[in-house]
1. Does E:A153 satisfy being facing another protein chain (nearest Cβ under 8 Å), touching a His at 6+ places or on another chain (Cβ under 7 Å) and surrounded by 19 or more Cβ atoms within 10 Å (Cβ to Cβ)?
2. Those residues that are within 14 Å of ligand 2 (Cβ to nearest atom) and either within 20 Å of B:V141 (Cα to Cα) or modelled with pLDDT under 90 (or both), I need them from the stretch C:13-29; list them, please.
3. Quick one: which strands (runs of 3 or more DSSP E) sit completely within the stretch A:146-204 and have at least 3 residues that are within 21 Å of A:A16 (Cβ to Cβ) and touching a Ser or Thr at 6+ places or on another chain (Cβ under 7 Å)?
4. For the stretch C:13-40, which positions are out of contact with any helix residue (DSSP H, G or I) (no Cβ under 9 Å at 6 or more places or on another chain), part of a loop (DSSP other than H, G, I, E, B) and within 16 Å of ligand 4 (Cβ to nearest atom)?
5. If you check C:P10 against the conditions, is it within 14 Å of chain B (Cβ to nearest Cβ), more than 16 Å from ligand 4 (Cβ to nearest atom) and modelled with pLDDT under 95?
6. Got a number for residues in the stretch C:290-335 being part of a helix (DSSP H, G or I) and either more than 8 Å from every other protein chain (Cβ to nearest Cβ) or over 23 Å from B:I329 (Cβ atoms) (or both)?
7. Identify, from the list C:R167, C:R152, the residue that is away from ligand 2 (no atom under 16 Å from the Cβ) and closer than 27 Å to B:A194 by Cβ.
8. Quick one: in the stretch B:164-202, which of the residues that are away from chain C (no Cβ under 14 Å) and of a type in the set (S, T, Y) is farthest from B:L62 (Cα to Cα)?
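The values are calculated or read from the model by the stated rules, or taken from the named source; none is laboratory data. Predicted model only: the values in this text are computed from it and were never measured. Don't worry about glycine lacking a Cβ; one is built from the backbone with ideal geometry, like all the others, and counts go over all protein chains shown.
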Amino acid sequence: RADTVTVFAAASLKTALDQISERYEKETGDALRISYAGSSRLARQIQQGAPAQIFVSANAAWMDVLEGEGLLAAATRADLLVNRIVLVAGPGAPEGLSLALAPGTDLAGTLGDGRLAMALVEAVPAGIYGKAALQSLQLWDSVAPSVAQADNVRAALRLVASGEAPLGIVYATDAMAEPKVRVLDLFPEDSHPPIRYPAAILAEGDGPAARAALRYLRGDVARAIFLRNGFGLPEGAPE
Amino acid sequence: MSLQVEITHPLPGFEVNVAFEAPGGVTALFGQSGAGKTTVINAVAGLLRPQAGCIALAGEVLYDAQKRVNLPVHRRRLGYVFQDGRLFPHLSVRRNLTYGQRFAPQGATGPGLDEVADLLGLSTMLDRRPGALSGGEKQRVAFGRALLARPRMLLMDEPLAALDAARKDEILPYLERLRDQTGLPILYVSHSVAEVARLATTVVVLEAGRVVRAGPAEQVLSDPAMVRQFGLREAGAVLPAEIARHHADGLTELAISGGRLFLPQMDQPEGARTRVRILAHDVIVADRAPEGLSALNVLPGAVLSLREGQGPGMIVQIQCGTDRLLARITRRSAEALRLAPGRSVYAVIKTVSIARTDVAAR
Amino acid sequence: MSLQVEITHPLPGFEVNVAFEAPGGVTALFGQSGAGKTTVINAVAGLLRPQAGCIALAGEVLYDAQKRVNLPVHRRRLGYVFQDGRLFPHLSVRRNLTYGQRFAPQGATGPGLDEVADLLGLSTMLDRRPGALSGGEKQRVAFGRALLARPRMLLMDEPLAALDAARKDEILPYLERLRDQTGLPILYVSHSVAEVARLATTVVVLEAGRVVRAGPAEQVLSDPAMVRQFGLREAGAVLPAEIARHHADGLTELAISGGRLFLPQMDQPEGARTRVRILAHDVIVADRAPEGLSALNVLPGAVLSLREGQGPGMIVQIQCGTDRLLARITRRSAEALRLAPGRSVYAVIKTVSIARTDVAAR
Amino acid sequence: MTGWLGPEEWQAVALSLRVSLWAVGLSLPLSILAAYALARWDFRGKQLLNGVIHLPLILPPVVTGYLLLLGFGRRGPLGGVLEEVFGLVLAFRWTGAALAAALMAFPLTVRAIRLAIEAVDPKLEQAAATLGASRAWVFLTVTLPLILPGVIAGAVLGFAKAMGEFGATITFVSNIPGQTQTLPLAIYTFLQVPGGDGAALRLVAVSVAVAMAALTVSEVLARRAAKRVAGG
Amino acid sequence: MTGWLGPEEWQAVALSLRVSLWAVGLSLPLSILAAYALARWDFRGKQLLNGVIHLPLILPPVVTGYLLLLGFGRRGPLGGVLEEVFGLVLAFRWTGAALAAALMAFPLTVRAIRLAIEAVDPKLEQAAATLGASRAWVFLTVTLPLILPGVIAGAVLGFAKAMGEFGATITFVSNIPGQTQTLPLAIYTFLQVPGGDGAALRLVAVSVAVAMAALTVSEVLARRAAKRVAGG
Ligand SMILES: Nc1ncnc2c1ncn2[C@@H]1O[C@H](COP(=O)(O)OP(=O)(O)OP(=O)(O)O)[C@@H](O)[C@H]1O
Ligand SMILES: Nc1ncnc2c1ncn2[C@@H]1O[C@H](COP(=O)(O)OP(=O)(O)OP(=O)(O)O)[C@@H](O)[C@H]1O
Ligand SMILES: [Mg+2]
Ligand SMILES: [Mg+2]
């Protein structure tokens, strides 16, 4: 009897998870049914009893909330992936521009009257991390007026790719997937809290099928695919 | 079936304040444009809720402001022919006509679709929509629609105004038959005295929202005081008569209290009671029995009164038997004939001037 | 200013196919309900685009199917009084009335708002909206609105049908003055022969979309062959006349070719030319000059022809001078008087039966 | 065609159609009732009702979605009642998507129908009453046929809105393929991945085609209904 | 009050009002024109125009936003022209938000006005023409006053929609506090953060209050306009 496991996953994981899901079905005969949306939206739905069995969040804070409410199956939460944020330039930026991120970098001057595209800096993880990084580099106050906040990181990337904004801050994974942009620099790893994608089984959806699926996500096949899509693995995970 | 109306309703500018009884048959509401005729009819139909008063039909209270009775429009079952048509634009003529049938009570009888469509000359256009009808055709459909709803009473607001003389002449006898055979009471608004004289049993004259005269049609129409309301040309007397004989040459002889009258063949059987209307301007007064005239009707009588109007005319009231005729003549003639109350005269009336339209059964 | 109309337009069921000329003055379109009167007027106004034909006013082509000329409605400047009112519901009576004024050309003159409102009895309701008017009041506003637009011609589709006799009597003389003083041509639809006889210079009779008779009003209205169209009661002769004298007792003496006629005081000055209409059923035929009668008008003449109808009546045509009178009498009287073509007779006409409504200036 | 869109995409198309048709079909009678009440009745709280009906238009769809989630979620007060009494689960089901779509379309449909009702001459309804028709019959035989073009316009407006509804749907019933992933959600999902633009574009095309077809059909129907009224 | 909402929130309220009023104000004449054309004219491509007008309703707002970005962005063909010729920049400005809102509201406004136009009896317009009024005058003096309730209804529907517009706005002009952060964007931002519900709720309340006020005013206006027509 084929099982179907419902996974709620952050939208930015779609490319990778779709590939994994295909392999999973081929190998086990079971299927993954994945609902992609923003982490906060999914978390709220889980609070309201959504029929999810596995939750992969792009945001530790919302996972904390669920954990605090006792909605996670005990001892199933662990970070699945890590990511980095990068500064990218698109067709709107001067040709051959190069820039190294460090305290004192004239990011605002480089932008001129152009915009720095980011995800919502108060709400969306990529935006929160980006703001934190800029703050620790003491660049935030000078560039803040130039920031254009998109409702998700993919939309921010699109602003850069289309040339509307010369520069943007996005995940390394996104930058890798979009040929129209190039990475100017990685943000230093210590400039922002670690970017982790925690995954967990939900108390209501717990069961052997869910456990098997989460195991598969943490297994070698999945990891290879994640790595191919530019994600990193959390420290302490067996290489 | 009698209708009692007693209502007060304020309108900006003036107040409608009427009380009258429609004892069955046709009750004509007569009055100038803006006198309040439509307002009264609307109140009877239930489309307007008068501020005060009550309305009752055959003893059933339709509306009573004090007792807070207000029968809903659709349960009053009064067939209303509106002054402004109000056909259903989305329904064919046929379905306009039959609209009310499904709501009629089981037992109700009345004319059928075919009969009404024939009478109204609508048979060839039953499948058209009202948008494709002429003004008069629309009005005829409205008329038929009200008839076919099998109402307890008909309310007609100038139903024939848009029709030509020929069509009117077809519809009027039908209305008469309706009145006589089914006993359907009718409240009838019209500006045509001829129509009113022909149809009405009772006449109610409105002026600026008030009833200035109401009563049996003969009395109201023959009242010299009402000449202004009806217009000088329409002044006349309405007399009761009995059909004495049908002659072979197509003339019918009527007996009235003052003598005999000849007029073109009538439908009713010998012995039947009827009414004739003799317009004042159709009566010639002679001081001796005239000879060698084409006028067949010469009635002896005596001058009762003389009333001068503005202008060169006067109205002479002539006692003929127990009836009173009105004659409109010039002052010059009155002087030439030395007319004075009590003087015996002859009233000369052309046969044909007692035309069929002006004869009505009671 | 003359209007030429020659149009063909198919309608489901029949075809409107008319050609006539309205040479100025009032042209009456007469015909049964559904004969096509409104259709013709709509074509003239430009609201309906006939399939073929042409329409020209005073030489200016309004429409020509072949030359593909079609002057837009608003540039035709024809004041149209619609059969169905069509007042602007969102404008006060005043603004309805003055609506067309701003579009009138600079130089155009005509009656003012006050004059028209007075005439139509609308002065007290200028600030109401049409929703608060009675049926007749609405029609009067429509009438005034068309007048005040200073049109080159008036198109009137049963403008007086909803009005009472008193109001009609006020408006008709006004229309006459309009016709005579401003020379405004009028295309006039009416079911009332009396109205038509009084106003019309030209009469066009329509039947099922075709012109069956057209010509000067006197000729068409006096034509015994048209009795069916106008109705038996309206048959009569229209004669040219001249005002001979105004008498002190309020009578006016008219000269016609066959003698003298007395009728109530007329407005026109002595010497003016006018028209009188004498209904066939108002004429009494006598074989000797009658005496002691209130009838003032006795015209000598000779029987020209006798026409029997259905029923007991006949139409006698009497030559009086150069004119021809019609009289409707019973066959019985005709026999009693031994009437035959050539026999000399007297036509007895009551003064008042030539009422003011039936007199028209030319 | 099947080659052009993947099975999952067809699923989204079918689901969207089902959701939109149910949304419009079920809410239409209610829309007509609400429109009639707003147009013709006078009652206390009329303004309030009017406001509540317009809420989904005024609020960001996300908020509407959250409110739905709070009210009709499995833990929500209404959701619990519905499930217990009728066995009807809305949360995270296509039925919930239909509810969200219906709610979002409701103000549009009501407005259109209300305008149509206000344009009907009450004198015609009065005439029907004098012929013996009760209020309900007057409505069925006179008002309804006369407002038909407006009802069609409102239904199509609602259908189009339902086909395009995104924010409230994804927030209320999430984005579960085959269950709640309607066309706009599928489009959104494709837009989230690099290189997904092509697929998104195809779905946009489908969405547009369906809506255009609906529009065209409705125009024809409405015109026919209007012509009947104009007479010809 | 100022204590109740922070300055940034007040900014969002003011901006939303500005954006919505401009969106409705500027698009209204165009809406009336489009509605008139659809209701009264016969021309080739009428169905197409009708479809295009409805597109923003059918498409997920995100897609509309992207299309706007592609067309009216600084590098978009139309955006470039507008900037060069009129010095008008839309991208990342409140003007762009107004454009997005106007576009999203357009189908609603047009539908409402069109229904109203279709309900006007052409016979009245004909009567005006016989009195000498050219087409334009007929429109101004007869048609427009008669459709006023419909225009008001359409404008308010559009205003409400503009006040609630989220998806297309954030995609086209993104979320720049004080420049493009309208109420719905601010609400959305709060909703994304755990614990932001309270702030979001306050903004929702403001949004609802504003829209309700607009609704109520419009009802009064529309009723007055309708009463004028009904006569009284
Ligand atoms: N809603 C209203 N507000 C103000 N006055 C009104 C209203 N309705 C009618 N009237 C006035 O009331 C009077 C009576 O109107 P009604 O319609 O009853 O007249 P009517 O006798 O039927 O006239 P007609 O023969 O012209 O149809 C008129 O003077 C009219 O102007
Ligand atoms: N759109 C239409 N489709 C079909 N027939 C029509 C249409 N419009 C009018 N008719 C028919 O054309 C004929 C002429 O109509 P018209 O309105 O010109 O008549 P009318 O002479 O003005 O009549 P009335 O005196 O009743 O107003 C009528 O028989 C009518 O039924
Ligand atoms: Mg009336
Ligand atoms: Mg007509």
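1. In short, no.
2. Once the filter is applied, which keeps residues that are within 14 Å of ligand 2 (Cβ to nearest atom) and either within 20 Å of B:V141 (Cα to Cα) or modelled with pLDDT under 90 (or both), the stretch C:13-29 yields C:G13, C:F14.
3. Passing ranges, in order: A:195-201.
4. C:A35, C:G36
5. Against the criterion (within 14 Å of chain B (Cβ to nearest Cβ), more than 16 Å from ligand 4 (Cβ to nearest atom) and modelled with pLDDT under 95), C:P10 qualifies.
6. 4
7. The unique qualifying residue is C:R167.
8. Filtering the stretch B:164-202 for residues that are away from chain C (no Cβ under 14 Å) and of a type in the set (S, T, Y), the one farthest from B:L62 (Cα to Cα) comes out as B:Y174.
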